[in-house]
1. For the range 11-38, which residues satisfy the criterion of being more than 13 Å from ligand 2 (Cβ to nearest atom), over 19 Å from A201 (Cα atoms) and part of a strand (DSSP E or B)?
2. Of (1) surrounded by 18 or more Cβ atoms within 10 Å (Cβ to Cβ); (2) under 24 Å from M156 (Cβ atoms); (3) within 14 Å of ligand 1 (Cβ to nearest atom), V21 satisfies all except one. Which?
3. Kindly indicate whether P91 is modelled with pLDDT under 95 and of a type outside the set (V, I, T).
4. Show me the helices (runs of 4 or more DSSP H) found entirely inside the range 121-216 where at least 1 residues are touching a strand residue (DSSP E or B) at 6+ places or on another chain (Cβ under 8 Å) and within 16 Å of ligand 2 (Cβ to nearest atom).
5. Among the residues of the range 1-18 satisfying the criterion of being among the hydroxyl-bearing types (S, T, Y) and within 16 Å of ligand 1 (Cβ to nearest atom), which is farthest from D50 (Cα to Cα)?
6. I'd like the full set of residues that are assigned to a loop (DSSP other than H, G, I, E, B) and either free of Cβ contacts under 8 Å to residues at least 12 places away in the same chain or away from ligand 1 (no atom under 16 Å from the Cβ) (or both), limited to the range 39-78.
7. I need the full set of residues from the range 134-183 which are more than 16 Å from ligand 1 (Cβ to nearest atom), among the β-branched types (V, I, T) and in contact (Cβ under 8 Å) with a residue 12 or more places away in the chain, in order please.
8. Let me spell it out: the conditions are (1) away from ligand 2 (no atom under 12 Å from the Cβ); (2) out of contact with any Ser or Thr (no Cβ under 9 Å at 6 or more places or on another chain); (3) closer than 20 Å to T134 by Cα, and G45 meets all of them except one. Which number is the exception?
Amino acid sequence: MTLTATGLSVVHSGRTLLHPVTLSIAAGERIGLVGASGSGKSTLGNALVDELSSQGVSVAHVPQSPDEALDPLRSMAFQWHEAERALNQQPDPTRQQQLFSALQIEGGDLLKRPWGWSRGMQQRFVISMALIGTPALLVLDEPTSALDPVVAANTMDLLDAVLGQSDNQTAMLLITHDLWLAARRVSRLLVMEGGQIAEDAPTADILERPRTGAAQVLASHRSWLSLPCS
Ligand SMILES: Nc1ncnc2c1ncn2[C@@H]1O[C@H](COP(=O)(O)OP(=O)(O)O)[C@@H](O)[C@H]1O
Ligand SMILES: [Mg+2]
């Protein structure tokens with residue numbers, strides 16, 4: 001099923017934060033939403049989540065820091081059960097086991113509160129929680145920028161493996177200021193600038209022939225993680 005949001009826009013105190021945009025996302029499609037800080041990426045991501053949710057589409061949202069998603073006073077087990085309840089899902093230990101194994105957090109003590117887990121494990125827990133209900137779209141807003149680069153890359157690799165399974169129908173919108181983090185993981189890129197989508201094209205086209213200034217600036221800053229290791 002293709003997801004479509006028509007005429008998304010955001011105006012705040014008379015200032016246009018998001019100019020009208022229409023977006024279609026194919027089932028299982030993986031898209032990167034890139035642009036400089038303040039270009040409107042989170043504004044678009046949030047507007048998209050709101051619009052698709054109002055259409056009854058199941059959308060999951062992973063914020064930048066696990067602190068925004070986890071209650072510091074509650075055990076991890078409690079948070080998992082709350083997420084299942086919010087999604088009207090019966091407790092499903094098999095599904096939980098599958099997700100924990102996919103995100104490599106089987107070793108985490110569910111009786112502990114978030115601070116008993118490392119940041120990387122907390123964020124992988126949040127990602128696995130987001131996948132409980134097999135959403136039609138997973139929106140990840142700078143999901144690894146609070147993690148060190150190696151843990152960040154590992155986390156994205158694990159998520160790639162889950163989404164890369166042949167029967168996967170969950171689409172992904174990966175929001176990041178790091179073009180090179182997104183480039184290896186998505187087939188299509190949206191480049192934002194000043195609250196507008198400046199470019200919307202296959203990843204390779206934007207890397208090889210960035211047309212707009214916004215895309216050229218992003219493409220000229222290579223991340224060391226994308227360099228060959230040998
Ligand atoms: N709730 C808000 N009220 C007023 N301005 C906002 C609000 N949220 C974001 N903005 C402004 O909208 C612009 C885009 O912000 P944002 O979507 O957070 O950018 P990005 O995620 O690309 O860094 C920025 O200029 C920011 O200051
Ligand atoms: Mg943002």
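1. If the condition is that a residue be more than 13 Å from ligand 2 (Cβ to nearest atom), over 19 Å from A201 (Cα atoms) and part of a strand (DSSP E or B), then V11, H12, R15, T16 are the ones that fit.
2. (2)
3. On the way: modelled with pLDDT under 95: yes; of a type outside the set (V, I, T): yes.
Yes; evaluated as a whole, the condition is true for this residue.
4. Numbers: elements: 149-163, 179-183, 203-208.
Passing ranges, in order: 179-183.
5. To start, the set of residues in the range 1-18 that are among the hydroxyl-bearing types (S, T, Y) comprises 2, 4, 6, 9, 13, 16.
Narrowing the set further to residues that are within 16 Å of ligand 1 (Cβ to nearest atom) leaves 9, 13, 16.
Numbers: S9: 12, S13: 20, T16: 18 Å.
Among those that are among the hydroxyl-bearing types (S, T, Y) and within 16 Å of ligand 1 (Cβ to nearest atom), it is S13.
6. Let us first name the residues in the range 39-78 that are assigned to a loop (DSSP other than H, G, I, E, B), namely 39-40, 55-58, 63-65, 70-75.
Selection gives Q55, G56, V57, S58, L70, D71, P72, L73, R74, S75.
7. Here is the first cut: in the range 134-183, the ones more than 16 Å from ligand 1 (Cβ to nearest atom) are 134-138, 147-172, 180, 183.
Among the residues that remain, those that are also among the β-branched types (V, I, T) are: 134, 150-151, 155, 162, 170.
The answer is T134, V151, T155, V162, T170.
8. (1)
The values are calculated or read from the model by the stated rules, or taken from the named source; none is laboratory data. These figures come from a predicted structure and were not determined experimentally. Methodologically, a virtual Cβ is constructed for each residue, glycine included, from the backbone with ideal geometry; neighbour enumeration extends over all protein chains shown.
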